[in-house]
Amino acid sequence: RRLLLLICFITPTALAETVAVIGTGNVGMAIGTEMAGLGHEVIYGSRSPLSLKTMDLVTKTGKNARATLPAEAVAEADVIVLAVPGMVTEAVARGLGDLSGKLIIDATNPLIFEGNPPVVSYGVDTSNGQIVQAMHPDAFVVKAFNTITWQRMIDPGKPKPVMPLAGDSAEAKARVARWVHAMGIDTVDIGGIEHSRVTEQVVVLMLSNRFSDGPKYAIDFRKLD
């Protein structure tokens, strides 16, 4: 008897996901174009999917991209990225329908800007990550992409930035980490979704410093092992 050995090579395309990116601003653009570059199909969820701005973004993202209304985008997707202004995150997430079993990447920060120059404050009692997880208890929410600029998502530079990941599912965080690493960014698992509040508050501190007249500083996560 002869033994037939089949060797299968797993390519990035074979592991492709359908990703709904809700939001077409700079953060949505950066994550969407990077995910498409990794071989994933990207569906932008927009209130105006046929607008020139959205169509330009679809063209920029490439052949793996298209746009539709947010609820329609998430219905087709395995993975959902929330990249909307932080103070509308709860309302947007509520309007997306049943997200049971889906991976939700929350890239938002609940920020309130008042005055000129602006004073930045925190806009929710818990965190956007916790709010989204409580609203969709059977989904897997991972807080990510909210502590680095959209420019560094596209061009991480040196030294390599470290992105904290918060979420209750270790498997979901590992999936997100693989994509982030492929983008040239390192990650650190900081624990459960309740720690979303820490990363969101760090952004408040960083922006408050940016708009202040005081000495400037940077806050960066780094791995010690």
### Task
Go through Thr108, Thr126 for me and flag whichever is open to solvent by 20 Å² or more (accessible area, probe 1.4 Å) and at pLDDT 95 or above.
Thr126
### Message
For the structure I just gave you, tell me whether Lys160 is at pLDDT below 95, open to solvent by 10 Å² or more (accessible area, probe 1.4 Å) and over 17 Å from Ala83 (Cβ atoms).
### Response
yes
### Query
Just for strands (runs of 3 or more DSSP E) wholly inside segment 36-105: which have at least 1 residues that are surrounded by fewer than 18 Cβ atoms within 10 Å (Cβ to Cβ)?
65-68
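Looking only at segment 170-197, how many residues end up being touching a His at 6+ places or on another chain (Cβ under 9 Å) and open to solvent by 20 Å² or more (accessible area, probe 1.4 Å)? Before you say what the answer is, go through the steps one by one.
So the first thing to find is which residues in segment 170-197 are touching a His at 6+ places or on another chain (Cβ under 9 Å), and the list is 179, 187.
This time we only want the ones that are open to solvent by 20 Å² or more (accessible area, probe 1.4 Å), so: 179.
The qualifying residues number 1.
The values are calculated or read from the model by the stated rules, or taken from the named source; none is laboratory data. Keep in mind that what you see is a predicted model, and the values were worked out from it rather than measured. No Cβ is skipped: glycine too gets one built from the backbone with ideal geometry, and neighbour counts run over all protein chains shown. SASA here: full protein model, heavy atoms, side chains in, ligands and nucleic acids out. Shrake-Rupley method; radii C 1.70, N 1.55, O 1.52, S 1.80 Å.
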